[in-house]
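*Asks:* Sending over a structure as structure tokens; questions will come in a sec.
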Amino acid sequence: MATLSVKPGQRFSVPDWHTSSHFISADAENTRSASHQIRQEARALRNETNNQAKWDEHDNRTRLAERISSVNRWKETLDKCLADTDAEIEALSKVKEAAERALQAKNLRLDVSIECLTLRESRRAIDVVRDPVEEELHKEVKLIEKAKKELQQKVHEAFEQLCLLQEARQQLSWDHRCKTEALELDNVCLSLNVNCPNITFKVNPTRIPNGSTTPEEWQQNSQSNKDRAEAEMKASTELREAIVLLIAQTNNELEAQRVATEFAFRKRIRDMERAHGELKWQEQNTMEEIAEMEEDIRRLEEDLRRKVQDLKVAHTRLETRTQRPWADLCRDQVQFGLTDEVYQLEGTIRALRQKLAESQDALNALQRQLHRIQTDIGYKANSLMLDNKCMDIRKKLVVPVENFVPDLDTFNRTMN
């Protein structure tokens with residue numbers, strides 16, 4: 001009689017089987033709950049870190065922009081200070097040259113006075129007297145020697161002041177170059193983003209470079225350079241005024257006819273300067289308008305290129321949809337929309353091209369007008385130069401060389 005084979009192994013009861021299923025379900029619930037908790041914490045962390053990173057980057061971009069603005073303000077201040085210093089150096093150089101010419105001219109007067117005294121020594125007998133003429137000649141010699149000594153001292157002071165101005169200018173120029181380079185670097189930093197190809201990890205980027213300064217030291221350095229330049233310019237202005245005043249003390253009264261003639265010349269020069277200034281104003285405005293027109297033309301060309309690209313896209317879409325098979329080749333709303341878009345873009349391109357042509361014509365007209373203005377400015381500048389040259393020639397012909405003082409009115413610091 002056949003018997004049922006029994007597999008070896010442990011047998012579990014039904015309650016054990018239910019208990020095992022319950023434990024597995026409970027473990028699955030706990031595992032899912034833990035996973036859900038981790039996912040929620042991960043999402044919160046992502047949101048928090050993303051927000052923190054965005055705000056940090058935004059804050060640093062703002063700080064960079066503010067720093068660029070601050071450095072740019074100082075750069076503009078240094079630009080003006082450099083221009084003022086250059087103008088002061090040029091003005092002081094002209095005054096120094098005028099003092100040297102006046103000093104050189106005194107030799108002629110001294111030679112004439114000494115020659116007169118020498119000639120008067122040839123007098124004989126009773127005519128060899130100490131008369132008022134001789135006394136005036138001796139007084140003139142003393143006055144000339146005193147004037148020469150004072151002028152020589154002023155020339156020496158002007159030379160030393162020019163050296164000080166050059167030193168101050170070198171400091172300003174170095175500070176200006178540093179700020180220009182710093183602006184370029186900060187602008188590069190401001191332009192960087194995550195899509196830039198040249199961003200990499202650096203070795204110890206948070207280190208403090210050698211020679212670093214505090215903002216207060218940075219501010220104090222530029223302020224010190226500016227203050228020094230202004231102090232030297234003030235001293236130079238006072239020295240120029242003193243030199244001009246000293247030279248003016250040796251001038252003689254001009255003849256009435258010369259005054260009348262120079263009055264007419266000055267009136268003409270003022271009229272020419274007013275016309276020249278008006279043309280310069282027109283030139284500046286025209287150049288600004290040309291710059292704005294060129295910018296608008298550039299934008300028109302960019303818009304035109306974009307519209308042409310958009311038209312290419314629309315054409316490509318229409319042409320691609322012609323390949324739809326059988327019943328799918330239907331004139332649906334997309335077809336009508338693309339067709340309208342093509343017509344609209346073609347009209348827009350025509351309008352842009354028309355406006356671009358008009359803008360180019362306007363730009364050409366502005367450039368022609370600018371050329372006319374600049375040509376007229378050249379004419380008037382030449383006329384002014386000729387009139388001033390005529391004034392200088394008249395001064396040299398009428399006034400002794402020692403009394404000739406060039407007009408120095410830079411920044412209205414000295415009298416003409």
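*Asks:* What about E292, is it surrounded by fewer than 13 Cβ atoms within 10 Å (Cβ to Cβ) and part of a helix (DSSP H, G or I)?
*Replies:* Working: surrounded by fewer than 13 Cβ atoms within 10 Å (Cβ to Cβ): yes; part of a helix (DSSP H, G or I): yes.
Spelling it out, E292 is indeed surrounded by fewer than 13 Cβ atoms within 10 Å (Cβ to Cβ) and part of a helix (DSSP H, G or I).
*Asks:* With free of Cβ contacts under 8 Å to residues at least 60 places away in the same chain, closer than 20 Å to D376 by Cα and either more than 32 Å from the chain's Cα centre (by Cα) or open to solvent by less than 100 Å² (accessible area, probe 1.4 Å) (or both) as the only criterion, which of Q323, Q284, Q309 stands out? Break it down into steps so the answer makes sense when it comes.
*Replies:* Working: Q323 fails: closer than 20 Å to D376 by Cα; Q309 fails: closer than 20 Å to D376 by Cα.
Just one listed residue meets the conditions, Q284.
*Asks:* Here is a further query. Any idea which residue in segment 175-200 is most open to solvent (accessible area, probe 1.4 Å), counting only those that are within 18 Å of the chain's Cα centre (by Cα) and touching a residue at least 24 places away in the same chain (Cβ under 8 Å)?
*Replies:* Going through the qualifying residues, I end up with N187.
*Asks:* Among the numbered criteria (1) open to solvent by 30 Å² or more (accessible area, probe 1.4 Å); (2) modelled with pLDDT under 90; (3) not polar (S, T, N, Q), which single criterion is violated by D86?
*Replies:* Only one criterion in (1) open to solvent by 30 Å² or more (accessible area, probe 1.4 Å); (2) modelled with pLDDT under 90; (3) not polar (S, T, N, Q) is unmet by D86, namely (2).
*Asks:* Just the residues that are touching a helix residue (DSSP H, G or I) at 6+ places or on another chain (Cβ under 8 Å), under 15 Å from N193 (Cα atoms) and of a type outside the set (A, V, I, L, M, F, W, C), please, taken from segment 38-85. Before the answer, list the steps.
*Replies:* In the first step, residues of segment 38-85 are kept if they are touching a helix residue (DSSP H, G or I) at 6+ places or on another chain (Cβ under 8 Å); the result is 61, 64-65, 67-68, 71-72, 74-75, 77-79, 81-82, 84-85.
When the remaining residues are screened for being under 15 Å from N193 (Cα atoms), the result is 61, 64-65.
Answer for segment 38-85, where residues must be touching a helix residue (DSSP H, G or I) at 6+ places or on another chain (Cβ under 8 Å), under 15 Å from N193 (Cα atoms) and of a type outside the set (A, V, I, L, M, F, W, C): just R61.
*Asks:* In segment 235-281, which residues are of a type in the set (V, I, T), surrounded by 15 or more Cβ atoms within 10 Å (Cβ to Cβ) and at pLDDT below 70? Write out each step before concluding.
*Replies:* Let us first name the residues in segment 235-281 that are of a type in the set (V, I, T), namely 237, 243-244, 247, 250, 259, 261, 269.
Narrowing the set further to residues that are surrounded by 15 or more Cβ atoms within 10 Å (Cβ to Cβ) leaves 237, 243-244, 247, 250, 261, 269.
If the condition is that a residue be of a type in the set (V, I, T), surrounded by 15 or more Cβ atoms within 10 Å (Cβ to Cβ) and at pLDDT below 70, then T250, T261, I269 are the ones that fit.
*Asks:* Give me the pairs, please: first residue somewhere in segment 1-28 and outside any loop (DSSP other than H, G, I, E, B), second residue anywhere and at pLDDT 80 or above, beta-carbon distance under 8 Å, and either six or more positions apart or on two chains.
*Replies:* Cβ pairs passing all conditions: none.
*Asks:* Further question on the same structure: How many residues are at positive phi and not in a helix (DSSP H, G or I) if we restrict to segment 310-362?
*Replies:* Looking only at that region, the number is 0.
The values are calculated or read from the model by the stated rules, or taken from the named source; none is laboratory data. Every value quoted in this text rests on a predicted model; they were computed, and no experiment measured them. Don't worry about glycine lacking a Cβ; one is built from the backbone with ideal geometry, like all the others, and counts go over all protein chains shown. Quick note on the areas: whole protein, heavy atoms, side chains included, nothing else; ligands and nucleic acids left out. Shrake-Rupley method; radii C 1.70, N 1.55, O 1.52, S 1.80 Å.
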